[in-house]
Amino acid sequence: MKKYLFIILLCIGLVSCGGPEPRKPIKVKSGNFYKASAERNKSLLAKEEAYIQKLIAMDSANTYQNSASGSWYHYTQKNKTTDYVPQTDDLVTMTYAVLSLENDTIYSFEDIGIVKYKVDKQELFPGLRNSVKLLKEGETATFLYPSSLAFGYHGDGKKIGTNIPIKSTIKIFKIDKDSVNVQKLN
């Protein structure tokens, strides 16, 4: 009997001596959240672009152009005497106003004042950073931005809420060329 008891205990001991098993995660994360977020953003962008296209179609007084960054714009004042547009490190003296797509003023030219902007070196909302590089000295243009190029899902924390497309009129007063950019021109 002792022999059987010893063999049983030995078998139990051998079976229970397996290595430690790794713990299983309580929650398994999948890419579903990111996929759903991307789909929401695509849907939002499509709706905003459709609305902007509708506004453009209703504005027969202006001819709009599409920028490579995804905004639409028309010139209010054009400069035909120069071809130079701001380059990285140029210092641009400008002002701008921010409006809703329904033309309600959010920030006026007076609210913002004169801004000295070092191209690609200072923080502005994405659409404005790209738009400055399209305008020449002395030009004024109005841009329509989807929310992704405006203040996005954060808003500006003051007057512009989450996912709000905007309109902005930009006036370029002066472009001080960076010395490297002047050398490239010569």
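Below are the figures for this structure:
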quantity	calculated
Distance from the stretch 148-169 to the stretch 94-145 (C-alpha centre basis), Å	13 Å
Subset of K133/K177; K121/K174; K121/K177; K121/K158; K54/K158; K47/K167 violating a 21 Å alpha-carbon distance limit	K121/K158; K54/K158
Relative contact order (%) - criterion: Cα under 8 Å, at least six apart; region: the stretch 33-185	28 percent
Sparse-neighbour loop sites [trypsin sites (Lys or Arg not before Pro); the stretch 47-115; at most 13 other C-beta within 10 Å; DSSP]	K78, K80
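Quick note: the coordinates plus some simple rules give every number you see, no bench work behind them. Everything quoted here is computed from the prediction, not taken from an experiment. In this analysis, Cβ positions are derived from the backbone assuming ideal geometry, glycine residues included, and neighbour counts consider all displayed protein chains.
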